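The values are calculated or read from the model by the stated rules, or taken from the named source; none is laboratory data. No experiment lies behind these values; they were computed from the predicted model shown. Because the Cβ atoms are built from the backbone with ideal geometry, glycine has one as well, and the counts that use them run over all protein chains shown. With ligands, DNA and RNA removed, areas are computed over all heavy atoms of the protein, side chains included. Shrake-Rupley method; radii C 1.70, N 1.55, O 1.52, S 1.80 Å.
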Amino acid sequence: MAGGGVIGVGGGDGRKPYPGNLTPYVTVTCIVAAMGGLIFGYDIGISGGVTTMTPFLQKFFRKVWEKKEADKSTNQYCQYDSQTLTMFTSSLYLAALLSSLVASTVTRRLGRKLSMLFGGLLFFAGALINGFAKAVWMLIVGRMLLGFGVGFANQSVPLYLSEMAPYKYRGALNIGFQLSITVGILIANVLNYFFAKIKGGWGWRLSLGGAMVPALIITVGSLVLPDTPNSMIERGQTEEARAKLKKIRGVDDVDEEFKDLVAASDASKLVQHPWTNLLQRKYRPHLTTAILIPFFQQLTGINVIMFYAPVLFNTIGFGDDASLMSAVITGIVNVGATLVSIYGVDKWGRRFLFLEGGVQMLICQAVVAACIGAKFGVSGNPGDLPKWYAITVVLFICIYVAGFAWSWGPLGWLVPSEIFPLEIRSAAQSVNVSVNMIFTFAVAQVFLSMLCHLKFGLFLFFAFFVVVMSIFVYYFLPETKGIPIEEMNQVWRSHWYWSRFVEEADYPNGGMEMSKGNHGPKNV
């Protein structure tokens, strides 16, 4: 039996789903909010490119540069293996982990907007320090501040989007966050390509300092955005929330949805310690999903490509210019495939995209491992690489990136942000972001050492986890397409496995608008 329960909305009990339209107001609002993803994407793209720029390495990581120069004709797998260099990249994610825990309280008590504002300001400060860095310690301090900003933004933006969007369009609007991440990566790769050509060797300063631009976008955006009705109700602004709900839905008949939001808020206020509450048996499905989805997202191997795309292409035999251009190509594929996800997520469903993307990534990882293994072997000395070989590697990496970009990339942020009830939503989202950052940090920190020791087997290592996570999705992840966010507990109560943890009495408000005749698990 497949694990995805399918819930009907507005079915046999005669009740209708929440009325509302996709208004221009909410569309523009969600586009502005989604730009919070630019700061995360820009950083992912910029760091890998900067670490291949010779003037940057000569100034801050001279031993890495000397090793790279000395090893050109020998082991290509190990030329960038440096814990100090990887700490430059991965320190951001350790800081993001710490700040996401603080961001939970800010997001819950002061609103999603303020959390975005803090994220923008901290990221701006980090970009400024990195752009003017004179020593490694300044780079690390700047990266830590960037990380604090990412932690706040990644905590608040997905929640904001899920709460603002009409449930029928929640998937597409929420994936705007991932689209911004991919656009940020692409912009960073393009800038790295051109800045690396600046005479005098100071282009890396423009690359790192350029992060101030996306920081300003989210900072200004957070000042002009409205707060979500959920957050306003949670902070006692009930009548203002009703008026705001009418405006964002574009209809006057919001009583049904408003009543459920108020009921959810009342339940939320009874929870004094949301972190402790997360450990209750009835939240076992939510907590498991909040941990495993970001865990698997990072172990798809995508960060091998996105953090270190220029490094990786350089390592497998491309020149510096060619490696940066290859990173630009994967960035374009990333953006295009994310648009496919925006189109299809509310049509085809979350589970279909998860599973199709998993199969696609698995095949590509096997092919890339075979290609690199055939030419580099275990010695890491490929000799002369033919053009067809380079094209084949780039092609399959691009197909792999496309598979991730319309599945685990956007859905890794969408699904956790939409499945939590209001009383644990901020705390659970912090768990989601924290786990994401723990494993982003771990992968970034150990990847170059793993490449040096596992060689082409590294791709098979990540392929193993793609198999495991696809099995998890097939059996244990319910379909959440088309379910109002405050009715989401129905998907757990109808699931073949998770229903044993969720009692009907636990959610007196949950599922009142759902079809009573469609609660059994169905194969998808």
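Results, tabulated for the structure shown:
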quantity: Any hit, segment 2-18, residues being closer than 30 Å to Phe195 by Cα and either open to solvent by less than 50 Å² (accessible area, probe 1.4 Å) or modelled with pLDDT of 75 or more (or both); calculated: no
quantity: Which listed residue, of Val183, Val190, is surrounded by 22 or more Cβ atoms within 10 Å (Cβ to Cβ) and more than 18 Å from Thr107 (Cα to Cα); calculated: Val183
quantity: Meets criteria (modelled with pLDDT of 85 or more and surrounded by 17 or more Cβ atoms within 10 Å (Cβ to Cβ)) for Ala34; calculated: yes
quantity: Any hit, segment 61-78, residues being within 30 Å of Val435 (Cβ to Cβ) and at pLDDT below 65; calculated: yes
quantity: Qualifying residue in segment 105-124 (condition: part of a loop (DSSP other than H, G, I, E, B), under 30 Å from His453 (Cα atoms) and at pLDDT below 85); calculated: no
quantity: Those residues of segment 202-216 which are open to solvent by 20 Å² or more (accessible area, probe 1.4 Å) and at pLDDT below 90, in sequence order; calculated: Trp202
quantity: Residue, modelled with the lowest pLDDT, within segment 43-60, restricted to residues that are of a type in the set (Val, Ile, Thr) and either part of a helix (DSSP H, G or I) or in contact with an Asp or Glu (Cβ under 8 Å, 6 or more places away or on another chain) (or both); calculated: Thr52
quantity: Boolean, Ile293 is out of contact with any Ser or Thr (no Cβ under 9 Å at 6 or more places or on another chain), in a helix (DSSP H, G or I) and open to solvent by 40 Å² or more (accessible area, probe 1.4 Å); calculated: no
quantity: Phe40 vs. criteria surrounded by fewer than 24 Cβ atoms within 10 Å (Cβ to Cβ) and either among the small types (Gly, Ala, Ser) or at pLDDT 70 or above (or both); calculated: no
quantity: Unique residue being without any contact (Cβ under 8 Å) to a residue 40 or more places away in the chain, surrounded by fewer than 24 Cβ atoms within 10 Å (Cβ to Cβ) and in a helix (DSSP H, G or I) when the list is Ala243, Ala172; calculated: Ala243
quantity: Residue count for segment 344-366, restricted to those that are surrounded by fewer than 24 Cβ atoms within 10 Å (Cβ to Cβ), of a type outside the set (Gly, Ala, Ser) and more than 18 Å from the chain's Cα centre (by Cα); calculated: 9
quantity: Checklist (1) in a helix (DSSP H, G or I); (2) free of Cβ contacts under 8 Å to residues at least 40 places away in the same chain; (3) of a type outside the set (Phe, Trp, Tyr) applied to Ile198, failing item; calculated: (1)
quantity: Residue, farthest from Phe404 (Cα to Cα), within segment 486-508, restricted to residues that are open to solvent by less than 40 Å² (accessible area, probe 1.4 Å) and modelled with pLDDT under 75; calculated: Tyr507
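Quick grid of which residues meet (1) in a helix (DSSP H, G or I); (2) at pLDDT below 80; (3) open to solvent by 10 Å² or more (accessible area, probe 1.4 Å); (4) at negative phi:
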| residue | (1), (2), (3), (4) |
| --- | --- |
| Val415 | yes, no, no, yes |
| Glu418 | yes, no, no, yes |
| Val431 | yes, no, yes, yes |
| Val435 | yes, no, yes, yes |
| Phe441 | yes, no, yes, yes |
| Leu448 | yes, yes, no, yes |
| His453 | yes, yes, yes, yes |
| Leu458 | yes, no, no, yes |
| Phe465 | yes, no, yes, yes |
